[in-house]
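The structure appears right after this line, and notes come after that.
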Amino acid sequence: MLGIVFNALEEFVLETADMETWNAVIDASDLQSGGAYTFGVTYEDSEIVSLATNLCKQLDIPLETGLDLFGQFFFGYLIKKGPIELQEYNDTQTLLKNIEDVVHRDVKRLHPNAYTPFFEYLPDTQSSGSLTYASKRRLCMVAGGLLQGAAKHYGQSVEMEHVQCMHDGAENCIWQVKFSKH
Ligand code: HEM
């Protein structure tokens, strides 16, 4: 996992809790890196799992809730650091159509070690469609939060129905999604 994700997690903790909480989470986690992360460097996936698990214990919330909240925060973080074209998209549907071939491809071009998930958005109508996700990391809760964060950014709301999940043994996750303008 790239350092940017760890940097985002730290900023998330500082915004929603405080430095003391982040330090406690670092101390409680088993980290080969020692807990210092550089933006474009790759770290073990197990470190983010350990940090997220200990953070949710500290905050006394279920892991699923923590990952979803982090996903929502992560979108705002990425949009500030990501390519400028992202600012020009009008809605979440346009972003979703470009995640795989533009956004994540760009991440891999800049950071050849990055591993990005598979995403496919197939619209049924202008405002609804199905979204498929697959990743060795099975972070569908983060993906759901990212999508909520994206909708908020584009002034929309999104209803998501998780109709198939990798955590139930399926080979990918599928959501039926429906967007509406605020
Ligand atoms: C709705 C929008 C998005 C969704 C649903 C999404 C989904 C995800 C998910 C779930 C991950 C975690 C890794 C995994 O599951 O294997 C991830 C990683 C990542 N995404 Fe996205 N993403 C979105 C937008 C963006 C944007 C706007 C950017 C940047 C401009 C971005 C850059 C990244 C980066 C840098 C990583 C880490 C890759 C690594 O650690 O190797 N994503 N994305």
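Being touching a helix residue (DSSP H, G or I) at 6+ places or on another chain (Cβ under 9 Å), surrounded by fewer than 20 Cβ atoms within 10 Å (Cβ to Cβ) and not in a helix (DSSP H, G or I) narrows it down to one residue among T53, T65, T38; which is it?
Matching residue, one of T53, T65, T38: T38.
Looking at the structure I just gave you, is E161 under 22 Å from G66 (Cβ atoms), touching a strand residue (DSSP E or B) at 6+ places or on another chain (Cβ under 9 Å), of a type in the set (D, E) and more than 13 Å from the ligand (Cβ to nearest atom)?
So E161 passes the test.
For the list (1) part of a helix (DSSP H, G or I); (2) closer than 19 Å to A143 by Cα, I need the number of the one condition that R109 fails.
Condition (2) is where R109 drops out.
Out of (1) touching a strand residue (DSSP E or B) at 6+ places or on another chain (Cβ under 6 Å); (2) closer than 24 Å to Y43 by Cα; (3) of a type in the set (S, T, Y), the odd one out for S135 is which?
Going through the list (1) touching a strand residue (DSSP E or B) at 6+ places or on another chain (Cβ under 6 Å); (2) closer than 24 Å to Y43 by Cα; (3) of a type in the set (S, T, Y), S135 breaks only (1).
Mind listing whichever residues of the stretch 147-175 are touching a Leu at 6+ places or on another chain (Cβ under 8 Å) and outside any strand (DSSP E or B)?
Those that are touching a Leu at 6+ places or on another chain (Cβ under 8 Å) and outside any strand (DSSP E or B): L147, A150, Y154.
Report every pair of residues separated by at least 6 positions or lying on different chains whose Cβ atoms are under 9 Å apart, first residue within the stretch 135-156 and under 18 Å from E88 (Cβ atoms) and within 7 Å of the ligand (Cβ to nearest atom), second in a helix (DSSP H, G or I) and aromatic (F, W, Y).
Going by the 9 Å Cβ cut-off, the qualifying pairs are A150/F75.
From F75, F118, which residue is crowded, with 19+ Cβ neighbours inside 10 Å and within 10 Å of the ligand (Cβ to nearest atom)?
Checking each option against the conditions leaves just F75.
Out of the residues in the stretch 79-99 meeting the condition of being in a loop (DSSP other than H, G, I, E, B) and more than 10 Å from the ligand (Cβ to nearest atom), tell me which one is modelled with the lowest pLDDT.
N90
Residues F12, F70: which one is in contact (Cβ under 8 Å) with a residue 60 or more places away in the chain, more than 11 Å from the ligand (Cβ to nearest atom) and not assigned by TED's automatic domain parsing to the domain that holds H153?
Answer to the check: F12.
Quick check, is Q126 over 15 Å from the mean Cα position of the chain (by Cα) and not aliphatic (A, V, I, L, M)?
yes
Any idea which of (1) at pLDDT 95 or above; (2) over 16 Å from the mean Cα position of the chain (by Cα) is the one F73 doesn't satisfy?
Among (1) at pLDDT 95 or above; (2) over 16 Å from the mean Cα position of the chain (by Cα), the lone unmet condition for F73 is (2).
Quick one: how many residues across the stretch 101-121 are of a type in the set (D, E) and closer than 19 Å to M1 by Cβ?
Summing the residues that are of a type in the set (D, E) and closer than 19 Å to M1 by Cβ in the stretch 101-121 gives 1.
The values are calculated or read from the model by the stated rules, or taken from the named source; none is laboratory data. Note that the structure is predicted; figures quoted are calculated from it, not measured. Every residue, glycine as well, gets a Cβ built from its backbone with ideal geometry; the counts of neighbours run over all protein chains shown.
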